[in-house]
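Colleague: Here you go, one structure.
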Amino acid sequence: MARAARAGDRKIAINRKARRDYFIEQTLEAGIMLVGSEVKSLRNGQASVAESHAAEKDGELFLLNAHIPEYGPANRFNHDPRRPRKLLVHRRELRRLIGTVQRSGMTLVPLSIYFNERGRAKVEIGIARGKRQHDKRASEKNRDWQRQRQRLMRDRG
């Protein structure tokens, strides 16, 4: 029980670029189908979702281009590090996501991979709209101002 409780707040991979490159409209949690060596590799804290995205293929949702490195002791039973991995969402959510992507031109971006309280691997997916260069500059300017304001308040207070 202690291991499952401890695993609930453990993020394995975080996509730091996602919030810089996209406006995140909404987030949702999805399960992910993994093989044993991938789970072992994730438990070691090794994964990267920086260049990945989710897409629909044959009526199912897949996580594409996510990198989960091979698990050394798995030997010949290892997995392909960049293979497409099926995401598990409810049928209604899947139809809504596919419709949003096709209609509005949104992108499905993985924000993080983590283990929930029960020890299951989950992916947090953001429904995102791409930022243009001037949007990125404005976000950075606002973030710098907030940081400077906090410093001023701390020094005066």
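Colleague: Return a whole-number percent for the relative contact order of the chain, with Cα pairs under 8 Å and 6 or more residues apart as the contact set.
Modeller: Relative contact order here is 34 percent.
Colleague: Among the GluC sites (Glu not before Pro) within the stretch 1-100, which fall in a DSSP loop and have no more than 16 other Cβ atoms within 10 Å of their own Cβ?
Modeller: Answer in residue order: 51, 70.
Colleague: Moving to a separate point now. From the convex hull of the Cα coordinates of the chain, what is the mean projected area in square nanometres?
Modeller: Mean shadow area of the hull around the Cα atoms is 12.8 nm².
Colleague: Could you state the orientation-averaged shadow area of the convex hull built on the Cα atoms of the stretch 110-157, in nm² to one decimal? Mind dumping the intermediate values first?
Modeller: Numbers: hull surface 23.4 nm².
The directionally averaged projection comes out at 5.8 nm².
Colleague: Can you return the lysines within cross-link range of residue 40? Criterion is Cα-Cα under 22 Å, with same-chain partners fewer than 8 residues away left out.
Modeller: 11, 86, 122
Colleague: Additional query: In what sequence do 85, 147 fall when counting other Cβ within 10 Å, fewest first?
Modeller: Taking fewest neighbouring Cβ atoms as first place, the list is 147, 85.
Colleague: Per-residue counts of other Cβ atoms within 10 Å, averaged by peptide: what ranking do you get for 104-110, 139-145, highest first?
Modeller: Output ranking for 104-110, 139-145: 104-110, 139-145.
We did not get these values from a lab; they are worked out from the coordinates using the rules stated. Everything numeric in this text was worked out from a predicted model, so none of it was measured. Virtual Cβ from ideal backbone geometry, glycine too; neighbours counted across all protein chains shown.
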